[in-house]
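Here the structure comes first, spelled out in structure tokens, and everything after it is commentary.
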Amino acid sequence: MLKYIFVGLWVCGVTLGSAYGVMLWQAQNQYHAKDKPVEKVEFEQVKTKVISVPIVHEGKVRGFVLAQFTFQIEASMLKDMAVKPDIYFVDEAFRIIYSGEVVNFSTLRKPDLPALAKVIKESVNKRLGKDLVHEVFVQELNYIPQEQFRGGTRK
């Protein structure tokens with residue numbers, strides 16, 4: 001009987017000790033968390049205008065890609081810029097789509113949109129010399145064959 005009383009007291013002591021240790025540990029973590037200021041980064045979405053990119057294959061215009069993007073940029077960086085970043089963004093998107101290296105629109109296959117967004121993001125950041133663009137969203141991406149674009153081909 002005495003053995004059970006000692007075991008019960010020992011269990012109570014271990015439980016109280018561990019609870020006390022956890023409380024000290026949490027209090028210490030909260031104290032250190034208050035020392036480090038948490039900087040909240042606000043992002044702003046900038047929507048580009050719709051761009052029309054001709055798709056040239058074997059020396060002929062085969063169609064057009066109509067594309068519109070939205071990119072995410074830090075609001076503080078956007079305010080500090082002298083030139084609007086969407087000018088660079090539209091230019092890089094046009095160059096990448098026109099080159100056909102990432103997505104080849106002359107073939108009827110499903111385009112790799114994550115790869116296209118990644119290459120546009122990296123190209124714009126490289127051109128501007130800093131990590132300005134954090135995310136690229138494809139708002140609209142349409143391929144229109146030459147025959148269907150504005151009433152078809154003119155002969």
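The values are calculated or read from the model by the stated rules, or taken from the named source; none is laboratory data. Because the structure is predicted, anything quoted here is derived from the model rather than measured. Don't worry about glycine lacking a Cβ; one is built from the backbone with ideal geometry, like all the others, and counts go over all protein chains shown. The accessibility values were calculated without ligands, DNA or RNA, using every heavy atom of the protein model including side chains. Shrake-Rupley method; radii C 1.70, N 1.55, O 1.52, S 1.80 Å.
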Flagged pairs (Cβ under 7 angstrom, 6 or more apart or on separate chains; first in segment 116-141, of a type in the set (S, T, N, Q); second surrounded by 17 or more Cβ atoms within 10 Å (Cβ to Cβ)) are Ser123/Glu92; Ser123/Ile96; Asn125/Leu132; Asn125/Val133; Gln139/Gln68; Gln139/Phe69
Within segment 91-114, residues closer than 17 Å to Arg62 by Cβ and open to solvent by 100 Å² or more (accessible area, probe 1.4 Å) come out as Tyr98, Glu101, Leu108, Arg109
